[in-house]
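Below: the structure, in C-alpha cells.
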Amino acid sequence: MGHKFEMELGGRQFSLETDKLARQAGGSVLVRYGDTVLLATATGAQEPRQGIDFFPLIVDYEERLYAAGRIPGSFFRREGRPSEKAILTARLIDRSLRPLFPKYFRPDVQVVVTVFSVDLDNPPEFCGLVGASAAVAISDVPFAGPIGAVIVGRVDGEFVLNPTLAQAERSDLHLVVAGTGDTVVMVEAGARQVAETVILDAIEFARPSLAALVEFQGRVVEAEGKAKREAAPADIDNDLESRVRAEATEALRRAIRDADKLNREKATREVFAAVAARLEEEFEGRGREIGARLDVLLREEVRAVLMEEGVRVDGRAPDEIRPITSEVGLLPRVHGSGLFTRGQTQVLTAATLGTVGDVQTLDTLSAEEFKRYMHHYNFPPYSVGEVRMLRGPGRRDIGHGALAERALEPVLPPESEFPYTIRLVSEVLESNGSTSMGSVCGSTLALMDAGVPIRAPVSGVAMGMVKEGDRVVVLSDIQGVEDALGDMDFKVAGTREGITALQLDVKVQGIEPAILKQALEQARRGRLHILERMLEAIPGPRQELSPWAPRIVTLQIDPEKIREVIGPGGKIINKIIAETNTKIDIEDDGRIFIASTDQEGGERAVRMIQQLTKEVKPGEVYAGRVTRIMNFGAFVEVLPGKEGLVHISELAEERVNRVEDVVQVGDQVLVKVSEIDRLGRINLSRKAALREERRGQPAHKKD
C-alpha cells in the first residue's frame, strides 16, 4: 500500500508518498525530509456555493506539538488557536498556490497541511508548500502547477540550500522562493541589509532546485494523478457585453481619473448603478452578469490608462511616490510614537519598552522559545470608510505585522546592549495601498522617538506591475486600485545599505527574474526617497529615553548566589522590590535586570543586591550591626545575611569583663575581618577596626 517517490534535495533525501494516508481526500501526500514528516491534503467541493463570484481557497497549516515531543502549555493541554507561525505558513502556501488555479473555477478548495514530526534541521514550512502543490496536482482540481519551493540562506558569503538550524543562525539571509524555475510565483525574505544583487543571485541559485522539484512532482502526477475537472468560463453574451461597453466605457474613463480614492470610488459606483439601472430593463434578471462585465471593464480601463498614456489613474508617473509627511512625539505618555502619511495611507505606530520579564513565551514547533521584539498591526474599518464588527486580528493583520517585524528586527540593538523588551503597535488610520510598508516607516519613527539605538533607519515601498502580452510596466508605491487590478504586489523594506525584508505575490502564473530585477532597482530608489522624507522629522534616535520608560540596570552575579538574592520563598527579593519600587528579573546565568522609572529607587536596589552578593574578605573593615550577644562575644552582621563573631577579647583595647559593658544588640560597630576559617566562619575584631579607624581606613557599610 502506498507509492513512494524519492529525490535528493540539498544533500538530503526528500520523498513524497501517495495512496498511504487520508485516501478519501482529493489528493494526499506524505512528505518526508530528514525526520520531518507531514501530511498534505487537497480536497475540492463538487459544486460551487450559490452566488459565489470568487475562488474560495482555504489553506490550513496544523502544528501538532507532539511532533517536537512537547505537551501544549495551555490550560487544556491541547492545541488551540493556530500559532502566529502556523498562520504565516498557511499564508505562504496560499499565496504560492492561488495564482495557479483557473480564473473561473468556483468550488471550495481546502488544503490542509498537518505536521506529524519535526526535525529542526529540515524546516517543515517549505515541505508543506511542496506537499500542498503535489496534493493539488494529483487531485481532480484544475491547477497550473506543480511548483517547487526551497529556502535559501547565505553563510560566509556562500548560498546554502535549505540551511540547517546551525547554518540558519549564522546566515544573513532567509529567503523562501516558490516557482517553476523559469518563473517565480512567490518570494518572502528576511535579510540583514543585503544588496539587491544578493536577492537576485539567491533566486538564481534556487532556480535549478525549483525546476527539479517540478519535474519530480510531474513524475508523481504521471503515476498517481486523477483526471482534472473542466474549468471553462461561462459563455459570454456578446449582446450584453457590447451594451455594457457602450453604456459604461466613456463614463468609467472619466470616473477613474481622480487622485482622491473616495471620490474615485464614489464616481465608479455611480456609473455602475446608472448602467445597471438602464440595462436591467433590457436584460431582466441578469443584474449579476451586468455587474461582472462592469468589473471586467473597470479593470481594463484602469490598466489601459497606464499602458496607453504612461500615467496612472491619479496622474502619477509609474515610478513616482505620493507626497509624504512624518511626525514624531504625538503621544506624550507613550515611550515613542511616529505618524507616517503617504498619500491617503496613514499609520500611527506606538513603541513600548518593557523589561526582560515582558518577553513573549512561544508554544510552537520552532527552536525559538521567547520573543523580545513584537510588532502588532491593527486595521480598523474606518481606515477605508467602512462599517463592520471589530474582531481580533485576522490572518492578513498578522501577516502584515510579521512583515514589518521582519523588516525592523535586523536593525534592533542586541539585548546585551539594550536590555529591553520592545513592542510596536501600528494603527492604520487611513488606507489606500501598502499599509504594511507604512507600518515599517511609522515604526522606524517610533523607535527613534523612543530613543532605541537602532543600527539604521528602515523604510519600505510596495511595487506593482501591469503586464499585457510582452509589455510590462512596473509601478512604485501602488495604491489600492492598482493592487486590486494589477498583476503583482511586491513589498520591499530596507536601509540605505540594503534590504531587510521583502514579500512578493503575483496574480499571474509567475513572473520572470528580469522583471524582478527591474522592480528591485525601482524599489531601491523609491524607498531611499521615502527615507529622506522620514528623516526630516527626526534624523536619528533620541539620546535619552522617554521619562515614562523604565530605566534598566544590568548586574552580573555568581549564579550560586541567586538563592541569596531571592531568599526563602522570595522574601528578600520581594522586600527589595517593595522598598525601592522597582521591577527585578533574575536569569539563570546570574544576570539581574533592575527596572525603575525612579532613578533613586533603581540605584538603591542595585546597592542592596550588591550588598547581598558581596563577599566578605579578610582584612577589610565593615560597619556592622550587633545581632546577638553571648557570654564569649557578640555576633555582628557585616553584610546582609552574613554574620561574624567578635570574641570578647577583641571587643576593646582594655580587658572586657562583660560583653554588655561594650555593645548592645542593635548597636552599629566597626569591625575588621581577621579570619575566615575552613568552615566559612567569619572571625571579627572591633579592637583592630578601631586601630584602622585611627589610621583613616574607610569602612564598608550595609545599605
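Laboratory data are not the source of any read-out in this text; all were calculated from the coordinates shown. Predicted, not measured: the structure shown is a model, and the values here were computed from it. Heads up, the Cβs are rebuilt from the backbone with ideal geometry, glycines too, and the neighbour counts pull from every protein chain shown.
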Under the Karplus relation with 6.51, -1.76 and 1.60 and θ = phi - 60°, whole-Hz ³J(HN,Hα) for segment 206-221, x at Gly and Pro, equal 7, 4, x, 5, 4, 4, 5, 5, 5, 5, 4, 5, x, 5, 5, 5
Treating cross-link reach as a plain straight distance, find the lysines whose alpha-carbon is under 24 Å from the alpha-carbon of Lys517, omitting any fewer than eight places away in the same chain. Lys467, Lys491, Lys507
Obtain the nm distance between the two label points defined at Lys226 and Asn631 by a simple spin-label model: each point lies 7 Å from its Cα along the Cα-to-C-beta direction. 9.8 nm
Just to check I understand the Karplus step: with θ = phi - 60° and J = 6.51 cos²θ - 1.76 cosθ + 1.60, what whole-Hz values come out for segment 90-102, glycine and proline as x? 4, 5, 4, 5, 4, 5, 7, 7, 3, x, 9, 8, x
What percent does the relative contact order of the chain come to when contacts are Cα pairs within less than 8 Å and at least six residues apart? 10 percent
To the nearest 10 degrees, the tilt of helix 395-408 (Cα long axis) against the first principal axis of the alpha carbons of the chain is 60 degrees
Where the Cα atoms of the chain are projected onto their three principal axes, how long is each span, largest first, in whole Å? 124, 62, 46
List, in order, the whole-Hz ³J(HN,Hα) value for each residue of segment 522-538 obtained from phi through the Karplus relation with A = 6.51, B = -1.76, C = 1.60 and θ = phi - 60°; use x for Gly and Pro. 5, 5, 4, 5, x, 6, 5, 4, 4, 4, 4, 5, 5, 6, 5, 7, 7
Run the helix sum for the chain: -39,500 (n - 2.57) per DSSP H stretch of 4+ residues, divided by residue count, reported at 222 nm to the nearest 500 deg cm²/dmol. -10500 deg cm²/dmol
Full-extension gain between Leu390 and Glu241, please, as 0.36 nm times their residue separation minus the C-alpha to C-alpha distance. 49.7 nm
Of the listed links Lys575/Lys614; Lys561/Lys642; Lys20/Lys103; Lys617/Lys687; Lys642/Lys672; Lys571/Lys642, those spanning more than 23 angstrom between alpha carbons are Lys20/Lys103
Which length gain, in nm to one decimal place, applies between Ala578 and Lys517 when the Cα-Cα distance is subtracted from 0.36 nm times their residue separation? 16.0 nm
Once amide H atoms are built 1.01 Å from N in the peptide plane, which residues 5 or more positions from Gly26, or in another chain, come under 5 Å H to H? Ala42, Thr43, Gly44
Pop a pseudo-label 7 angstrom from the Cα along the beta-carbon direction at both Gln360 and Ala274 and give the gap in nm to one decimal. 4.9 nm
Under 13 Å from a label point 7 Å along Cα→Cβ of Glu675: give me every residue in segment 643-668 with its amide N that close. 645-647, 650
Around Thr355, which amide H atoms from residues at least 5 apart in sequence, or from another chain, sit under 5 Å from its own amide H, with H modelled in the peptide plane? Thr421
Can you list which of the GluC sites (Glu not before Pro) found in segment 128-230 are DSSP loop residues with at most 10 other C-beta atoms within 10 Å? Glu230
Placed amide H near Phe116: partners under 5 Å, 5+ positions off or other chain: Val37, Leu38, Leu39
Most packed first (mean Cβ within 10 Å per residue), the peptides 557-566, 400-409, 98-107 order as 400-409, 98-107, 557-566
